[in-house]
Every structure is written in structure tokens, then in C-alpha cells.
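Just so it is clear, none of the values below were taken in a lab; they were calculated from the coordinates. Keep in mind that what you see is a predicted model, and the values were worked out from it rather than measured. Using ideal geometry, Cβ is built from the backbone for each residue, glycine included, and neighbour counts are taken over all protein chains shown.
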Amino acid sequence: MIQRFLAILVMLLVSAGFALPAGAQSLIRDAEIEADLRRIADPIFAAAGLEPSSVRLFVINDPSLNAFVAGGQNMFIHTGLITAARTPEQLAGVIAHETGHISGGHLSRLRDAVGQANTEAIIGALLGAAAIVAGAPQVGTAVMAGGATYAERNLLRFSRTQEQAADQAAIRYLAAEGLPPTGLFEFFKILETQNLRISAEGPVYLRSHPLTRDRIGFLAGEVDRSPHRGRSYPPEVHLAHARMVAKIEGFLGDPVAVLQQRDGDTFADRYARAVAQFRRGDTDAALELIAGLEGEAPDDPHLHELRGQILFESGRIASAVPAFREALAGVPEAPLVRFGLARALLELHEPEATAEAATLLREVVRLESENAVAWRFLGIAEGRLGHAGRASLALAEHAVLTRNREDAALHLRRARQHVEPGGSDWLQLQDLEQAAERIERTGRG
């Protein structure tokens, strides 16, 4: 479920020394897109000897073709790269290549080369933006203030040797899944073609990942030699990739253009049109399209989730709640869907609904402790239930995550008036006070 959200990272950006550019990038959160990316990426991470849950995936709202890794096991993928990848195999190839940089220790060598302080400032801006948007089921227009751009173009520039090593690692990881490196080879051909057609700088990806004829030739030979040549993902993964692309286009593209370009009868085309109709304000047309899709896939939780979002944002709260319940029943482990249901329940302004929303939100922040937006709504729910201490703690968590020193101090003062020594609430208060002190110290420079 993609929605819009704004959070300007003033304190983090000032401390990192960045100015606010006119075309700042943003991060997005969406349960379906993240699940589809994880379906492709997690087996690759496991093949690389990494714990999949320890690698954090972030999607950047940027039309350029790019993906990069930063700050250890953090992978950033542009929406432009996702939509440019014509098959899930191509997307898997890029993810496998970036995983090769992580497992090869290339980031630590870059860190040594450019200096610890500068690296940490840049990565702090990237991950600070991610922390603020984390968990909200929405397009996060959190301003990254050039942090990502600087990191991509100046810090995360790999050598040809490192690129070749990452290619070789990618081949191994894909082979572990029974896949040839065809997708990576095809994506490199796309990059090569675009590099010839556009500006001298070429695609953004090539600025940090130098592409040579030797690398393309090497991959072509590996495709021919692969014992898995001709194999691909099953149809359901191809459909999931097509839906992911359709959803991104529907939410981030021009609605009128999407309706014109996606005039076919495929599942993905109708999915994109449903989102586009919703964005242009034709709620009934959007719901009609979704109803048709649900008729073909009645157990699809993300169709129910999108229906819930459309109903919620059009003010039909009572109808949105059962739609979110259906969605959560299909993906009970998804924090973003749980968050969507909690938001709808809070809007009912009924005691029982508020109590249920608080329970849901407590689970969301347990699963995603850096979900600042969920902490804020948990604070609202706890306040309505008369839990003054817990409300103040939750709002203090939000303030710390967003690096708001004044709000953190305010909510911590209130929490001290209600939280008794001993117990989990008291320990949370101690942790928050230490975190607030760190923000105070860094804020004073």
C-alpha cells in the first residue's frame, strides 16, 4: 500500500553538512513490493553466506537506473532500475552483483580509502532517512538532501577489479538457485545501449559500477557455459515482478499516461490502471478494476490491502477495516499491513477499535523498532486509552528516531511523571534518555 508522507531530515542533514537540493530523492515502503523483492533477494543473500534478515533493502523513488550498497549490509534500489528490468532474472542479476560487493568486503575497503568521518556522515544521511520513513505503508517523500546522490556518485565507486569479483560472485549465487547469469548479462546490455543513447555521463549505475567490454564478454561466455542455461523463475515470480512494476508506475507515474500506456487486459495492466484511477480521483473505477482482479485471485492479500487503502483514503473507513482484515489474514507477518489496519481502526474513534489498534501497533514496533511513524500512532492510541506513561514513551521514541531534541525532552519529562521504577517501561525510559543525550551532543556539534 503506497501513500504519501513528508519528513524533512533537518538535524541529520545539518550535522552531515548537506544542503537541500531542489530534486531530493525519497524512499518508499510498500508491503507487496518489499515481499516481491525479498522473494528474489533472500535466496541470493543465503547463497552468499549472509543472514537474509540482516540485509536491509530500501527502495529509492528515483527514475534513474541505479542500485548500490552502503553502511555494511544495506542495499538501496532505485524504482527506475526495478521498472527498467524487463524480467525478474534481470533484477536478480543486479541484486546478486550488489550482494557480491557486500560479501567481498568492498565497502570496508572504500571506507578505509575515503576516511571514516566522511563515510559515516554520508551513510548516516542515507540510513537516517530510511529510519524516519521505515514502516509506514506509503511513498515516503522523506528528503534525503543529496546524501544518496553524493554517496552514489562520489563514495561508492568500485574499481574494475571489484566489479569483476562481484560479477563472478553473482554467477555463483544465481547458480545456487539453478539460474544462469543471463539476467545480469541482459541488464548490462541495457545499460550499454542507454549509455550510447544518452548523455556522456551515461546511466547513474555506470558512474559507480564501471562497465567494460571485457565484463560483458565474460558474462556472455558464462551464459553459454552455464549448466542452467535456459532456466528461469516460475510463472508466479514473473507475475509478481510484473505487478511490482505496474504498481510503481501506477503510483509514481502520471495517471493519465499510465491509463493510456497500460490499456491492455493483462493482470499487471489492469493493476496499474486501478492505481492510476485511484490517484486521479475516480475511486469507483479503481474499485471496479480491483473487484475484477479479486475475482481472479480471491485470496490475494495485496489486492485486499489496496482496496483497503482506496476505501480509507476516500473516507470510507468502516468499509476499509474489513478489507485490511482480509489482507492481514493472508500475510499475518507483514508489519505494513498490520499498520494499515491499525490506522483505519484509529479513525473509527471507538474504544474497542482503539484498543485493538494499540495491540496491532505494539506488534508493529516490536517487529520494526525504527518505524517512527508507527511509534507516533502508538502514542496516540495509548493516549486515548488513558495510558499516559506509555503514550509519552511512544512519542519519545518517535522524537528520538526523527532526531527532534525538543519533542524528545518534552515527552521524556512527561514519561518520568508516570513511569514507576522497575519493569520494561522503566528500562525503555532509561534507553530513550541515553539516546536523547546522544542527539543533544551531536546537535551541539
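Whose amide H sits under 5 Å from the amide H of LEU27, counting only residues 5 or more places off or on another chain, with H placed in the peptide plane?
Distant-sequence amide H within range of LEU27: ASN61, GLY140, ALA142.
When a footprinting reagent is the concern and you count Cβ atoms within 10 Å, what order do VAL275, VAL59 take, fewest first?
Lowest to highest Cβ neighbour count: VAL59, VAL275.
On alpha carbon coordinates alone, what is the Rg over Rh value for region 209-267, Rh being the Kirkwood radius?
1.18
Counting only C-alpha contacts under 8 Å and six or more residues apart, can you give the relative contact order of region 236-280 as a whole percent?
Computed value for region 236-280: 44 percent relative contact order.
Tell me, what ³J(HN,Hα) does each residue in region 54-68 have, in order and in whole Hz, if you take phi through Karplus 6.51 cos²θ - 1.76 cosθ + 1.60 with θ = phi - 60° and put x for Gly and Pro?
So the Karplus estimates, Gly and Pro as x, are 8, 9, 8, 9, 10, 9, 9, 6, 8, x, 6, 7, 7, 7, 7 Hz.
Peptides 262-274, 162-174: what's the order by average Cβ count within 10 Å, highest mean first?
In descending order of packing, they fall as 162-174, 262-274.
If you take the square roots of the eigenvalues of the alpha-carbon gyration tensor of region 244-322 and sort them as a ≥ b ≥ c, do you get rounded (a/c under 1.5), prolate (a/b over b/c) or oblate?
Verdict is oblate for region 244-322.
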